[in-house]
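Since every read-out is calculated from the coordinates, none of them should be taken as a lab result. Given the structure is predicted, the values throughout are model-derived calculations rather than measurements. All Cβ positions, even for glycine, are placed from backbone atoms using ideal geometry, and neighbour counts span all protein chains on display.
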Amino acid sequence: MRQSTLHQLKVFETVARLTSITRAAEELSLTQPTVSMQIKQLTQNIGVPLFEQIGKKLYLTHAGQELLTTCREIFNELSRFEMKITDLQGLKQGKLKLATITTTKYFMPRAIAPFCQLYPGVDVALEITNHERVLERLSENLDDLYIISKIPDRLDVVLHPFLENPLVVIAPKNHPLAQEKDIPISKLQNEPFIMRERGSGTRDAVEQLFNKHGISVKVRLELGGNEAIKQAIGVGLGISVLSRHTFTPEAALSGLTILDVQHFPIERHWYIIYPDNKQLSILASTFFDFLQLESQAIAAKMFSKTII
Ligand code: PGA
């Protein structure tokens, strides 16, 4: 074990987390043979198998599980050390790791840019994924701060709302309902509907509203991202419910519009959260405060450019 390198442990942790050599290679920007070779060498050093393959799926052995726990402890200790060094250096440099839901994809770069201008030595790693996956990352303690838009069931978190995240009905501009006002929600049942994937917070909120009003829509297509859904709406495959934040100036220009449907928008918020037993670095807590102070102004600037 002592001959194993930190790099091998990093490769192992990524393969174990993603249960896939291919996806680990993608995330680490390595080739698949390199990843396999690192795992092979690590296995030889340890002397017992770390993974077993059943069919196409990769499972951790008992030794693999133990190593994964150890790896996480090592990486947490290292990031605590990095945090101490960063704090010693003030905010001159350091890395801020954020995991955020897909609807923040348009907003976050606009928030990170002025923050990095204020603190030019700071690097930001931004992981954009769906609600379920952000919560998994929080459980695994992989990042400094997380942004979600549904209050999680777990109570052991610090959580602050910082911006509205309304969900609206999006359709092509030439849709027959596009000029109507106060459209009854029941009319959505006649429309082919495009739905986000399972695990999406947007999907959860949409399903909750439809259940509340006894609405059952015809889901024609299920897609794993807001961009893909906007494209599908644009080519006439159906309508959908998406965050108002996805309705960028480009979306408006590319022939999409927001329908005025009863019970919409679904009022929601983005929350910035972290586990309550986590000690934030100076960098993370500065970003936490920055978001709460600046978000309204950044969003107002974004929306002022959107033409409906
Ligand atoms: P999603 O989350 O990317 O999981 O849909 C977005 C949201 O809840 O706003």
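Specify the angular offset, from 0 to 90 degrees and rounded to the nearest 10, of the alpha carbon long axis of helix 107-118 from the longest principal axis of the alpha carbons in the chain. Long axis of 107-118 versus the principal axis of the chain: about 60 degrees.
When the expected Rg is taken as 2.2 N^0.38 Å, what fraction or multiple of it is the alpha-carbon Rg of the stretch 167-259?
My calculation over the Cα atoms of the stretch 167-259 gives 0.99.
Angle check, please: helix 62-88 long axis (alpha carbons) against the longest principal axis of the chain (alpha carbons), in degrees 0 to 90, nearest 10. The two axes meet at around 80 degrees.
Suppose a student asked you for the relative contact order of the chain, using Cα pairs under 8 Å spaced at least 6 residues apart; what percent would you report? Normalised by residue count, the contact order of the chain is 21 percent.
Under the convention that each Lys and Arg Cβ holds +1 and each Asp and Glu Cβ holds -1, the size of the dipole of the stretch 172-308 around its Cα centre is about 240 debye. The Stokes-Einstein estimate for the stretch 6-69, based on a Kirkwood radius over Cα pairs and taken at 20 °C with 1.002 mPa s viscosity, is a diffusion coefficient of 186 µm²/s.
Between Asn76 and Ser254, how high is the FRET efficiency from 1/(1 + (r/R0)^6) when r is the Cβ-Cβ distance and R₀ = 30 Å? Nearest 0.05. Between Asn76 and Ser254 the formula returns 0.10. Expressed in Å, the radius of gyration and Dmax of the Cα atoms of the stretch 44-192 are 22.2, 69. Put the Cα centre of the stretch 74-123 next to the Cα centre of the stretch 131-158 and the gap is 17 Å. Each listed q (0.07, 0.13, 0.15 Å⁻¹) maps to a log10 I(q)/I(0) for the chain from the Debye sum over equal C-alpha point scatterers, namely -0.35, -1.03, -1.21.
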